[in-house]
Amino acid sequence: MKTENAWKKYQDKKEVFDFCEEYKNFMSCCKTERECVSRMVDLAVKAGYENLEEVIASGKELKPGDKVYANNMGKTLAMYIIGEEPMEKGMRILGAHVDSPRLDLKQNPLYEDTELALLDTHYYGGVKKYQWVTLPMALHGVVVKKNGEIVQVSIGEKAEEPVVGISDLLIHLSGKQMQKNASEVVEGENLNVLIGSIPLEDQEEEPVKAQILQILKESYGIEEEDFLSAELEVVPAGAARDYGLDKSMVMAYGHDDRVCAYPSFMAMLAQDKVKYTSVCLLVDKEEIGSVGATGMESRFFENTTAEVMNAAGQYSELSLRRALKNSMMLSSDVSAAFDPNYPEVMEKKNSAYLGHGITFNKYTGSRGKSGSNDANPEYIAKLRKVMEENHVAFQTAELGKVDQGGGGTIAYILANYDMEVIDCGVAVLNMHAPWEIASKVDIYEAYRGYCVFLKEM
């Protein structure tokens with residue numbers, strides 16, 4: 001039952017490394033869900049995808065082989081290739097999320113304390129707060145002015161740009177701090193980002209804050225009140241890097257879950273004509289429960305599928321229900337890789353290992369599989385067969401030992417439509433840390449596996 005190291009398949013590793021070079025470029029440029037969707041829409045359009053809204057407005061009827069996309073509020077993307085079979089016979093869906101743990105600026109974030117300018121934050125998703133201090137950080141996001149103008153912000157990624165960050169208590173004065181539980185070593189309200197220290201000349205009240213506001217005004221045309229309608233994220237500064245002396249891994253911010261979203265997207269771009277309608281669904285808000293208008297709990301996917309069916313001349317309420325029920329989905333999300341530094345939380349026979357290919361999780365959840373989708377064995381058997389026939393390296397895993405912890409994905413939400421769903425993604429180390437680690441061969445095998453799923457299932 002042991003799985004082989006997937007690197008052994010490749011005498012010439014060029015195809016693996018080339019694919020991951022493009023992945024690294026993507027990860028270096030796309031650190032927010034908005035940046036991911038924007039970049040992917042550009043690439044999709046170049047690959048021949050049409051905006052669904054424009055298709056509907058033109059009255060064009062979609063035919064097999066046509067490719068369309070729908071962009072939901074700049075933070076969720078759905079892509080469709082119309083299949084030869086009627087959509088009510090089911091779709092083949094790759095679903096992933098493009099949001100990642102981070103620090104969000106509060107709506108009234110800027111303040112001055114002891115002649116230092118700082119930004120107040122609220123962490124997003126499950127993080128070990130102590131991991132996010134003393135690191136170089138960048139600011140990414142958008143500011144929307146009252147007149148509707150959208151200002152794109154990215155500070156801290158270019159070599160000539162400054163970085164920001166969060167200070168920590170020096171070891172010489174941290175006696176009491178070091179006695180605290182890890183969850184309390186750094187409090188959430190203390191994740192304040194230091195951004196400046198020069199006072200503005202001839203400014204008596206909060207001169208350092210005034211200097212920062214002047215910089216923002218000159219550089220971006222932003223007033224302090226514009227923070228009220230901003231979506232600004234504090235993320236690790238710097239590019240994705242090769243990791244390991246053999247360059248076998250990638251270190252990047254946001255592997256969870258862009259390490260699955262990117263191969264899913266690229267697998268869609270690799271398809272032309274398909275038997276069953278293929279879908280790539282990339283959503284927001286998974287890290288906080290898949291809630292809201294851009295999360296998987298919204299009606300976006302259902303509504304968009306109805307629009308696609310209508311544009312293809314295939315819509316009825318019953319046909320939509322059948323299309324959802326008869327579909328198959330890979331919920332493309334990361335799994336925990338076995339870490340030899342912490343073997344006590346993993347069960348070796350049922351763990352994912354770096355370099356052993358794409359990972360299938362029959363279930364996730366916590367304790368008694370709470371909050372989990374639990375995939376059917378009939379579906380798993382079909383996936384096993386098609387992956388083996390196409391020589392895709394894969395492994396199966398649980399998320400740690402029973403009662404050790406757990407986690408969830410978007411899988412159970414799609415399963416509510418009565419379709420076949422399983423979690424299937426890339427194993428990572430340092431999950432939810434500022435810098436996560438993934439194996440290049442696992443990333444490439446995920447891409448190959450997703451291509452096989454769209455073509456062969």
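The values are calculated or read from the model by the stated rules, or taken from the named source; none is laboratory data. It should be emphasised that the depicted structure is a prediction, and the values quoted were computed from it without experimental measurement. Methodologically, a virtual Cβ is constructed for each residue, glycine included, from the backbone with ideal geometry; neighbour enumeration extends over all protein chains shown. These accessible areas exclude ligands, DNA and RNA; they are computed on the full protein's heavy atoms, side chains included. Shrake-Rupley method; radii C 1.70, N 1.55, O 1.52, S 1.80 Å.
So which residues in the range 354-371 are within 20 Å of the chain's Cα centre (by Cα), modelled with pLDDT of 85 or more and among the small types (Gly, Ala, Ser)?
Once the filter is applied, which keeps residues that are within 20 Å of the chain's Cα centre (by Cα), modelled with pLDDT of 85 or more and among the small types (Gly, Ala, Ser), the range 354-371 yields only 357.
I want to confirm something. Restricting to the range 54-69 and keeping residues that are open to solvent by 10 Å² or more (accessible area, probe 1.4 Å), in contact (Cβ under 8 Å) with a residue 40 or more places away in the chain and of a type outside the set (D, E, K, R), which single residue is farthest from residue 232 (Cα to Cα)?
Residue satisfying both the conditions and the ranking: 64.
Considering the range 281-293 alone, what residues qualify as being open to solvent by 10 Å² or more (accessible area, probe 1.4 Å) and within 19 Å of residue 256 (Cα to Cα)?
Of the range 281-293, the ones open to solvent by 10 Å² or more (accessible area, probe 1.4 Å) are 285-289, 291-293.
Selection gives 285, 286, 287, 288, 289, 291.
Only one of 353, 363, 342 is open to solvent by 20 Å² or more (accessible area, probe 1.4 Å), within 20 Å of residue 404 (Cβ to Cβ) and out of contact with any strand residue (DSSP E or B) (no Cβ under 9 Å at 6 or more places or on another chain). Can you tell me which?
Criteria check complete, one pass: 342.
Those residues that are free of Cβ contacts under 8 Å to residues at least 40 places away in the same chain and out of contact with any strand residue (DSSP E or B) (no Cβ under 7 Å at 6 or more places or on another chain), I need them from the range 26-44; list them, please.
Selection gives 29, 38, 39, 42.
Looking at 195, 171, 166, which one is among the β-branched types (Val, Ile, Thr), modelled with pLDDT of 95 or more and open to solvent by 70 Å² or more (accessible area, probe 1.4 Å)?
Result: 171 is the single residue among 195, 171, 166 that is among the β-branched types (Val, Ile, Thr), modelled with pLDDT of 95 or more and open to solvent by 70 Å² or more (accessible area, probe 1.4 Å).
Which of the residues spanning the range 414-427 are surrounded by fewer than 24 Cβ atoms within 10 Å (Cβ to Cβ) and either among the small types (Gly, Ala, Ser) or within 17 Å of the chain's Cα centre (by Cα) (or both)?
415
Let me spell it out: the conditions are (1) touching a Pro at 6+ places or on another chain (Cβ under 7 Å); (2) of a type outside the set (Gly, Ala, Ser); (3) on the phi < 0 side of the Ramachandran plot, and residue 92 meets all of them except one. Which number is the exception?
With respect to (1) touching a Pro at 6+ places or on another chain (Cβ under 7 Å); (2) of a type outside the set (Gly, Ala, Ser); (3) on the phi < 0 side of the Ramachandran plot, residue 92 is out only on (1).
Quick check on the range 22-53: of everything there that is polar (S, T, N, Q) and closer than 25 Å to residue 100 by Cα, which residue is surrounded by the fewest Cβ atoms within 10 Å (Cβ to Cβ)?
Out of the qualifying residues, it is 25.
For the range 70-93, how many residues are open to solvent by less than 10 Å² (accessible area, probe 1.4 Å) and within 17 Å of residue 285 (Cα to Cα)?
The number of residues fulfilling the criteria is 3.
Kindly list, by first and then second residue, each pair from a residue in the range 182-200 that is under 15 Å from residue 234 (Cα atoms) to a residue that is assigned to a helix (DSSP H, G or I) and open to solvent by less than 30 Å² (accessible area, probe 1.4 Å), limited to pairs with Cβ atoms under 9 Å and residues at least 6 apart or on different chains.
191/132; 195/212
Looking only at the range 428-452, count every residue that is closer than 25 Å to residue 301 by Cα, of a type in the set (A, V, I, L, M, F, W, C) and buried (at least 24 other Cβ atoms within 10 Å of the Cβ) and tell me the total.
Here the count works out to 1.
Among the residues of the range 322-339, how many are open to solvent by less than 10 Å² (accessible area, probe 1.4 Å) and over 19 Å from the mean Cα position of the chain (by Cα)?
Of the residues in the range 322-339, 3 are open to solvent by less than 10 Å² (accessible area, probe 1.4 Å) and over 19 Å from the mean Cα position of the chain (by Cα).
Note down all Cβ pairs under 8 Å where the first residue falls in the range 132-159 and is under 15 Å from residue 195 (Cβ atoms) and assigned to a loop (DSSP other than H, G, I, E, B), the second is of a type in the set (A, V, I, L, M) and open to solvent by 50 Å² or more (accessible area, probe 1.4 Å), and they're at least six residues apart or on different chains.
Here the result reads 136/163; 156/163, each pair linking the range 132-159 to a residue that is of a type in the set (A, V, I, L, M) and open to solvent by 50 Å² or more (accessible area, probe 1.4 Å).
When you scan the range 221-254, how many residues do you find that are open to solvent by less than 20 Å² (accessible area, probe 1.4 Å) and not hydrophobic (A, V, I, L, M, F, W, C)?
6
Let's see how each residue does on (1) hydrophobic (A, V, I, L, M, F, W, C); (2) within 30 Å of residue 20 (Cα to Cα):
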site	(1), (2)
311	yes, no
342	no, yes
345	yes, yes
352	yes, yes
358	yes, yes
364	no, yes
382	no, yes
388	no, yes
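Take the range 121-131 and flag every residue that is open to solvent by 20 Å² or more (accessible area, probe 1.4 Å), hydroxyl-bearing (Ser, Thr, Tyr) and in a strand (DSSP E or B).
The answer is 123, and nothing else.
Step by step: first the residues of the range 366-395, then only those that are surrounded by fewer than 21 Cβ atoms within 10 Å (Cβ to Cβ) and among the hydroxyl-bearing types (Ser, Thr, Tyr), then the one that is farthest from residue 10 (Cα to Cα). Which residue is that?
Ranking the qualifying residues of the range 366-395, first place goes to 370.
Can you give me the number of residues within the range 270-280 that are within 18 Å of residue 392 (Cβ to Cβ) and open to solvent by 10 Å² or more (accessible area, probe 1.4 Å)?
Looking only at that region, the number is 1.
Which residue pairs have Cβ atoms closer than 6 Å, lie 6 or more positions apart in sequence or on different chains, and pair a first residue in the range 339-359 that is among the charged types (D, E, K, R) with a second residue that is modelled with pLDDT under 95?
That search, which allows pairs on different chains as well, returns 347/401.
Does residue 259 fit the bill of being crowded, with 23+ Cβ neighbours inside 10 Å and either more than 20 Å from residue 13 (Cβ to Cβ) or in contact with a strand residue (DSSP E or B) (Cβ under 7 Å, 6 or more places away or on another chain) (or both)?
yes
Given the criterion of a type in the set (A, V, I, L, M, F, W, C), outside any loop (DSSP other than H, G, I, E, B), modelled with pLDDT of 95 or more and open to solvent by less than 10 Å² (accessible area, probe 1.4 Å), identify the matching residue among 267, 210, 306.
267
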